[in-house]
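A quick write-up on the structure given underneath.
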Amino acid sequence: MMLLAASALAPIAYAQPDASSTKPTATLQQMAAVPAASAATVEQRAAKLGTLAMLPADTEIFFSIPNLPGTADRLAQSAWGRLGLKPEDITTAWMDIFDYPREKATGSMDLRSLTISMGANSGKKVAQIMPLLMHAIQAKAQMDSIYIPNPGFSDPDFDKKTEEQQKAAYQQYIDEHCRQERAIMNPVIKEFLQSPLPTAFAIAELPDQAVAKITAGLAAMKEEFAQEISGMKQPYYEGEHAGILWRGVHYQGAEIAQYLQQTESSSNATGFVPCFRDNAAYLSKREAYLLFAIQGNKLLVSVCTDPAKEIKIAKTPQESILATNKVAFADPVLDKTPDILFFIDKSFSDALPSVLDRLDLSHGTLNQFKLMQAAPISGLMWQDKGIHLELAYGQDKSFDPARPLKLASMADLPSTILYTESINTKEAIDASLAEIGSYIQELAQSMALPAINTFWHGIETSAGGLDGDSALIIDNQGHLPAELMPGTDIEKLEVPRMAAYFGISNKATITAGWEEILKAYDSLKPMGLQIPDQFLPYCAMVQADLSDKQLVISASQTLNKQISETAANATGTLKGGAFVLRLAPVKSMLDKGAPMLQSMHFPIPIGEINMLDSLFDGIYGTITPSSKDTRIHLYIKEK
């Protein structure tokens with residue numbers, strides 16, 4: 001940050017746009033373009049999306065990797081392969097997730113495809129259990145923060161006690177820890193037992209050898225489950241549903257609750273067992289099935305409460321989800337063969353507002369959620385001269401869909417390392433300020449410094465004069481002041497140069513807020529809350545240019561002028577938001593500065609930067625809002 005702040009630029013000419021036809025703005029335009037309507041046939045979808053053809057039409061949520069070996073091969077043949085990625089690193093990645101020994105990895109264990117789905121009414125159920133997930137995370141954090149002094153370390157007379165007294169002290173220590181854990185987890189377990197269980201269905205396509213092993217294991221399951229474990233008979237289940245034989249476990253809450261009540265002992269004092277025992281009344285009302293089946297080379301897994309009603313498999317692609325518009329979002333890239341795709345039905349978004357108040361979110365975050373209209377949510381990953389990721393959801397009133405970005409052309413300058421810009425609505429700005437303001441108020445209260453609230457109020461006042469357009473530019477044209485290291489040529493070294501841009505709707509409001517900030521800062525100085533003296537020279541280098549239309553801040557008057565003129569003469573059509581991070585300007589800057597930096601024994605990753613620059617152009621992003629939906633597109637572009 002000191003280098004960025006110190007990058008005062010001696011007057012030089014503007015950097016000129018790249019004459020290449022592959023300008024960053026051209027890439028951004030392609031990413032932001034609305035895909036042409038091209039509805040694929042069911043047969044075309046089935047050829048590319050594999051096991052999605054088994055999902056019934058009423059499926060509300062799915063996540064699918066249709067062809068994992070194909071994805072792995074494409075990655076291995078891309079720039080990632082030249083970085084050392086191998087196909088087997090992808091197809092056996094599940095072994096790391098499930099801690100399966102890597103030495104057992106063979107071609108027979110490669111995962112071919114994976115689809116996880118949830119059936120009818122699952123969208124609403126998933127929304128309803130979101131508070132449970134948050135409460136579980138919070139409970140985990142609370143349990144991790146439990147601190148009870150260990151008597152063996154905290155009691156200076158512990159060694160003088162008898163063995164019985166030491167055991168009693170340790171038991172008291174363990175009991176108190178368990179008591180506090182139970183107090184934290186009991187409400188979460190109760191909420192879990194009262195929450196709806198979405199019907200889940202998974203399909204894993206496997207090699208023949210792996211299928212044979214699993215088939216043998218399922219056949220032996222009945223005999224294994226006939227044996228009692230810890231005095232409890234395992235609830236084996238076997239039945240035919242959707243024309244397939246299923247085997248697995250039938251969890252009956254009433255029997256489990258009865259077993260827990262009968263086996264209460266000190267050995268069960270830790271973990272979740274006491275919490276389930278404490279909530280036996282709720283546990284006894286629940287039941288669930290975990291079932292497995294084999295169909296051809298596919299392992300099928302079902303989690304449900306009523307197999308006869310909830311296990312559904314489409315008999316033909318025409319009866320499946322592929323015949324609905326739930327997969328239409330993938331049609332424009334079917335020719336590229338999607339690597340990953342997912343879909344969440346609108347019923348999830350419809351149900352979300354009713355549970356937001358239970359999520360313990362701040363007022364600002366709640367308002368941000370409310371700016372997004374209910375709609376289906378979909379996501380895609382595909383490869384085309386790099387990796388593309390796209391997320392689509394409902395209309396997002398955080399972004400202004402009408403006004404074009406003003407500084408996008410600066411991404412085309414060969415010196416630009418980073419360009420990011422977005423045009424937000426007043427509602428979005430207010431929601432963000434409310435979110436930050438809640439933390440500022442807590443800070444001011446905890447420090448007993450009302451002046452912090454005054455300082456923040458000045459920022460809020462200034463924000464009221466913004467029009468929502470904001471941008472950040474970093475290029476490689478900065479220079480350090482000679483005074484930083486006298487007797488060297490440090491001023492010749494090129495370093496990153498940063499500038500911030502804000503569109504203005506009311507200059508007077510900006511000025512009034514700034515005056516309030518300065519007054520608050522002056523009142524904080526006597527308390528030692530001020531900018532350290534060693535940073536003051538760098539602060540003095542900052543140039544802020546405020547006009548009726550814009551505020552530009554950087555360490556270079558030249559850069560400020562260039563940004564102001566670019567904004568005033570903008571002709572681009574990109575809207576919403578855009579992001580560009582390019583490697584070539586970084587490489588150029590390091591190449592020029594390498595001899596000086598190396599003479600100063602400053603470590604620089606020249607080799608790594610050169611390799612990455614030879615493979616990748618950079619990272620691009622767009623946010624494209626419309627009256628119907630919002631699309632976020634991320635692109636890791638290869639050369």
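The values are calculated or read from the model by the stated rules, or taken from the named source; none is laboratory data. Note that this is a predicted model, so its numbers are computed, not measured. FYI the Cβ positions are ideal-geometry reconstructions off the backbone, even for glycines, and counts take in every protein chain you see. Just the protein is used for accessible areas: all its heavy atoms, side chains included, with ligands, DNA and RNA removed. Shrake-Rupley method; radii C 1.70, N 1.55, O 1.52, S 1.80 Å.
Residues of segment 293-317 being under 31 Å from the mean Cα position of the chain (by Cα) and of a type in the set (A, V, I, L, M, F, W, C), which ones?
Result: Leu299, Leu300, Val301, Val303, Cys304.
Looking only at segment 403-417, filter to residues that are outside any loop (DSSP other than H, G, I, E, B) and either in contact with a Pro (Cβ under 8 Å, 6 or more places away or on another chain) or among the small types (Gly, Ala, Ser) (or both); which one of those is most open to solvent (accessible area, probe 1.4 Å)?
Step by step, filter segment 403-417, then rank; the result is Ser409.
Quick one: would you say Glu494 is assigned by the TED database to the domain that holds Ile452, within 37 Å of the chain's Cα centre (by Cα), within 19 Å of Ile417 (Cβ to Cβ) and among the acidic types (Asp, Glu)?
Yes.
Within segment 382-392, work out how many residues are open to solvent by 30 Å² or more (accessible area, probe 1.4 Å) and either farther than 25 Å from Ile340 by Cβ or assigned to a strand (DSSP E or B) (or both).
Going through segment 382-392 one residue at a time, the tally reaches 3.
Can you pull out the residues in segment 32-70 that are in a helix (DSSP H, G or I), in contact (Cβ under 8 Å) with a residue 60 or more places away in the chain and open to solvent by 10 Å² or more (accessible area, probe 1.4 Å)?
Ala32, Val42, Glu43, Gln44, Arg45, Ala46, Lys48, Gly50, Ala53, Met54, Gly70
Is it the case, given these coordinates, that Ser422 is modelled with pLDDT of 95 or more, of a type in the set (S, T, N, Q) and either farther than 25 Å from Ala555 by Cα or not in a helix (DSSP H, G or I) (or both)? Steps first, answer last, please.
Details: modelled with pLDDT of 95 or more: yes; of a type in the set (S, T, N, Q): yes; either farther than 25 Å from Ala555 by Cα or not in a helix (DSSP H, G or I) (or both): yes.
So Ser422 passes the test.
Looking only at residues in segment 336-359 that are under 20 Å from the mean Cα position of the chain (by Cα) and within 25 Å of Asn424 (Cα to Cα), which one is modelled with the highest pLDDT?
Ser349
Look through segment 282-328, keep the residues that are assigned to a strand (DSSP E or B) and polar (S, T, N, Q), and return whichever of them is nearest to Ala46 (Cα to Cα). Show your work before the answer.
In the first step, residues of segment 282-328 are kept if they are assigned to a strand (DSSP E or B); the result is 287-295, 298-304, 320.
With the extra rule that they be polar (S, T, N, Q), the set shrinks to 295, 302, 320.
Details: Gln295: 17, Ser302: 22, Ser320: 10 Å.
The residue in question is Ser320.
Only one of (1) among the hydrophobic types (A, V, I, L, M, F, W, C); (2) free of Cβ contacts under 8 Å to residues at least 12 places away in the same chain; (3) not in a helix (DSSP H, G or I) is not met by Leu443, so which one is it?
(3)
Listed here are the residues, each with its yes/no results for (1) crowded, with 18+ Cβ neighbours inside 10 Å; (2) more than 30 Å from Ser398 (Cα to Cα); (3) touching a strand residue (DSSP E or B) at 6+ places or on another chain (Cβ under 7 Å); (4) in the same structural domain as Ala578 (by the TED database).
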position	(1), (2), (3), (4)
Leu449	no, yes, no, yes
His457	no, no, no, yes
Thr461	yes, no, no, yes
Gly464	no, no, no, yes
Asn476	yes, yes, yes, yes
Pro481	no, yes, no, yes
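When only residues in segment 429-447 that are out of contact with any strand residue (DSSP E or B) (no Cβ under 9 Å at 6 or more places or on another chain) and more than 27 Å from Lys525 (Cα to Cα) count, which is least open to solvent (accessible area, probe 1.4 Å)?
Going through segment 429-447, the residues out of contact with any strand residue (DSSP E or B) (no Cβ under 9 Å at 6 or more places or on another chain) turn out to be 430-431, 433-447.
Subset that is more than 27 Å from Lys525 (Cα to Cα): 430-431.
On the way: Asp430: 69, Ala431: 2 Å².
Among them, the one singled out is Ala431.
Among (1) at pLDDT 95 or above; (2) in contact with a Leu (Cβ under 8 Å, 6 or more places away or on another chain), which single condition is Ser564 missing?
Result: Ser564 passes all but (2).
How many residues are touching a residue at least 40 places away in the same chain (Cβ under 8 Å) and surrounded by fewer than 14 Cβ atoms within 10 Å (Cβ to Cβ) if we restrict to segment 612-638?
Going through segment 612-638 one residue at a time, the tally reaches 2.
Tally the residues that are surrounded by 17 or more Cβ atoms within 10 Å (Cβ to Cβ), part of a helix (DSSP H, G or I) and not small (Gly, Ala, Ser), restricting the search to segment 191-212.
Number of matching residues: 4.
Does Asp469 satisfy being open to solvent by less than 40 Å² (accessible area, probe 1.4 Å), of a type in the set (D, E, K, R) and either under 32 Å from the mean Cα position of the chain (by Cα) or modelled with pLDDT under 85 (or both)? Lay out the reasoning, then the answer.
On the way: open to solvent by less than 40 Å² (accessible area, probe 1.4 Å): yes; of a type in the set (D, E, K, R): yes; either under 32 Å from the mean Cα position of the chain (by Cα) or modelled with pLDDT under 85 (or both): yes.
In short, yes.
Of the conditions (1) surrounded by 14 or more Cβ atoms within 10 Å (Cβ to Cβ); (2) modelled with pLDDT of 85 or more, Met541 clears all except one; give me its number.
Of everything listed in (1) surrounded by 14 or more Cβ atoms within 10 Å (Cβ to Cβ); (2) modelled with pLDDT of 85 or more, Met541 misses just condition (2).
With respect to Lys167, is the statement that it is assigned to a helix (DSSP H, G or I), under 30 Å from Ser64 (Cβ atoms) and either free of Cβ contacts under 8 Å to residues at least 60 places away in the same chain or touching a Ser or Thr at 6+ places or on another chain (Cβ under 7 Å) (or both) true?
Details: assigned to a helix (DSSP H, G or I): yes; under 30 Å from Ser64 (Cβ atoms): no; either free of Cβ contacts under 8 Å to residues at least 60 places away in the same chain or touching a Ser or Thr at 6+ places or on another chain (Cβ under 7 Å) (or both): yes.
When the stated conditions are applied, Lys167 does not pass them.
Just wondering, is there one or more residues in segment 337-354 that are open to solvent by 50 Å² or more (accessible area, probe 1.4 Å), small (Gly, Ala, Ser) and more than 22 Å from Met134 (Cα to Cα)?
no
For segment 513-529, does any single residue satisfy the condition of being closer than 29 Å to Asp613 by Cβ and assigned to a helix (DSSP H, G or I)? I'd like the intermediate steps shown before the answer.
Within segment 513-529, the subset closer than 29 Å to Asp613 by Cβ is none.
Within segment 513-529, none of the residues are closer than 29 Å to Asp613 by Cβ and assigned to a helix (DSSP H, G or I).
Which members of segment 215-237 meet the condition of being farther than 16 Å from Ala288 by Cβ, surrounded by 15 or more Cβ atoms within 10 Å (Cβ to Cβ) and modelled with pLDDT of 85 or more?
Correct list: Leu218 only.
Which one of Lys336, Lys385, Lys326 is at positive phi and not assigned by the TED database to the domain that holds Ile504?
Lys385
Can you tell me which residue is most open to solvent (accessible area, probe 1.4 Å) among those in segment 360-378 that are modelled with pLDDT under 75 and either part of a helix (DSSP H, G or I) or assigned by the TED database to the domain that holds Met130 (or both)?
Ranking the qualifying residues of segment 360-378, first place goes to His363.
Tell me, please, whether a residue that is within 30 Å of Thr630 (Cβ to Cβ), part of a helix (DSSP H, G or I) and of a type in the set (A, V, I, L, M) can be found in segment 531-548.
Taking every residue of segment 531-548 in turn, none turns out to be within 30 Å of Thr630 (Cβ to Cβ), part of a helix (DSSP H, G or I) and of a type in the set (A, V, I, L, M).
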